[in-house]
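Just below is one structure, and these are the notes that go with it.
The values are calculated or read from the model by the stated rules, or taken from the named source; none is laboratory data. Everything numeric in this text was worked out from a predicted model, so none of it was measured. Heads up, the Cβs are rebuilt from the backbone with ideal geometry, glycines too, and the neighbour counts pull from every protein chain shown. Ligands, DNA and RNA are excluded from the accessible area calculation, which covers all protein heavy atoms including side chains. Shrake-Rupley method; radii C 1.70, N 1.55, O 1.52, S 1.80 Å.
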Amino acid sequence: MTGTDTRDLAALRPRLPSPLQEVVDGRFERLGVRLLLKRDDLIHPELVGNKWRKLAPNLATAADRTVVTFGGAYSNHLRATAAAGRLLGLSTVGVVRGQELADRPLNPSLARCAADGMRLHFVDRATYRRASEPETLGALLRALGAEDAVVVPEGGSNAEAVRGCRALGEELGEHADVAALACGTGGTLAGLAAGLPPGRRALGISVLKGGFLTDDVRRLQVRAFGGVRGAWSVDDRFHCGGYARTTPGLESFAEDFEHRHGLPVERVYVAKMLHALLALAEEGAFARGTTLAAVVTGRPFP
């Protein structure tokens, strides 16, 4: 394959719109809440969930240029970008947070990236934090020999990705009163909210601590659409201590949900979102008669 365009991406046969599955869960039923799962984890076997929605608009303009992106040692986004590069014949580079990792054996996540042809470039954490600054980014690209690269930010959240995620809200349409999902960088929430019809709202469950996500989503919407769009909010209470952190209670909840519904539950994002929705329902956050759609953005790895 030479080059990448929207026709090439369609040839990967994404399953769109993703299925909408009702689950009968007595804990929600007794509170008068109907629970649907928006199965974005079934969009594509390797570009799973919101990764497809965010990457596709960026990759569609890549042509023959290298794609440079950023992530931590267990980044779902890095794995998805590496897989896309292999499938589309694109050169990819992953800038990985943590210079100390350079001399260690690759963990399973980074090993998958390397197996898919991604070149890994480790940087110290201070440099990583400044990677969006033009001077630092320029130096990184020169060091990589990729000055003309397509640069995709950490988590894939930029204006193009946000506009791509608007289709998620359009697919849900009138099917749900509230659409909820777990959030890392906020790009999917920003697009989802913009795509929902009037009278529907989006709810983001942050998987990171820090309370910064509301401002980030607002900034992403301004960049993508020129202003804030849709009805949305972020709940910062359910991160369990930070990214990829867990608790015995969260693990017990995820195992129970899997047993009840036969659905493998990804722990970093999806488990926290589902656990939060049950807690919110028990708090009375959703009126009786509410139809709640929970977006399943990924599946367990490996």
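Residue-level check: of (1) open to solvent by 10 Å² or more (accessible area, probe 1.4 Å); (2) at pLDDT 95 or above, Leu181 misses just (1).
Going by what's in this entry, would Glu266 be described as among the acidic types (Asp, Glu) and either over 23 Å from Leu192 (Cα atoms) or in a strand (DSSP E or B) (or both)?
Numbers: among the acidic types (Asp, Glu): yes; either over 23 Å from Leu192 (Cα atoms) or in a strand (DSSP E or B) (or both): no.
Judged against the criteria, Glu266 is not a match.
The residue of the stretch 73-132 that is nearest to Ala146 (Cα to Cα), among those that are among the charged types (D, E, K, R) and in contact (Cβ under 8 Å) with a residue 60 or more places away in the chain, is Arg79.
Considering each residue of the stretch 211-231, count those that are small (Gly, Ala, Ser) and free of Cβ contacts under 8 Å to residues at least 24 places away in the same chain, and give that number. The qualifying residues number 2.
Residue selection: Arg288 satisfies the criterion of being modelled with pLDDT of 95 or more, at negative phi and open to solvent by 30 Å² or more (accessible area, probe 1.4 Å). The residue pairs whose first member lies in the stretch 1-30 and is of a type in the set (S, T, N, Q) and in a strand (DSSP E or B), whose second member is modelled with pLDDT of 60 or more and surrounded by 12 or more Cβ atoms within 10 Å (Cβ to Cβ), and whose beta carbons are closer than 7 Å, counting only pairs six or more residues apart or on different chains, are Gln21/Leu36; Gln21/Leu37; Gln21/Arg39. For the stretch 191-202, filtering for residues that are surrounded by 15 or more Cβ atoms within 10 Å (Cβ to Cβ) and free of Cβ contacts under 8 Å to residues at least 40 places away in the same chain leaves 7.
On inspection, Leu274 does not qualify as over 29 Å from Leu16 (Cβ atoms) and open to solvent by less than 10 Å² (accessible area, probe 1.4 Å).
Taking the stretch 190-232 as the range and being modelled with pLDDT under 95 and either among the small types (Gly, Ala, Ser) or touching a helix residue (DSSP H, G or I) at 6+ places or on another chain (Cβ under 9 Å) (or both) as the test, the residues that pass are Gly210, Gly211. Within the stretch 21-65, if we keep just the residues that are on the phi > 0 side of the Ramachandran plot and not aliphatic (A, V, I, L, M), the residue that is farthest from the chain's Cα centre (by Cα) turns out to be Gly32.
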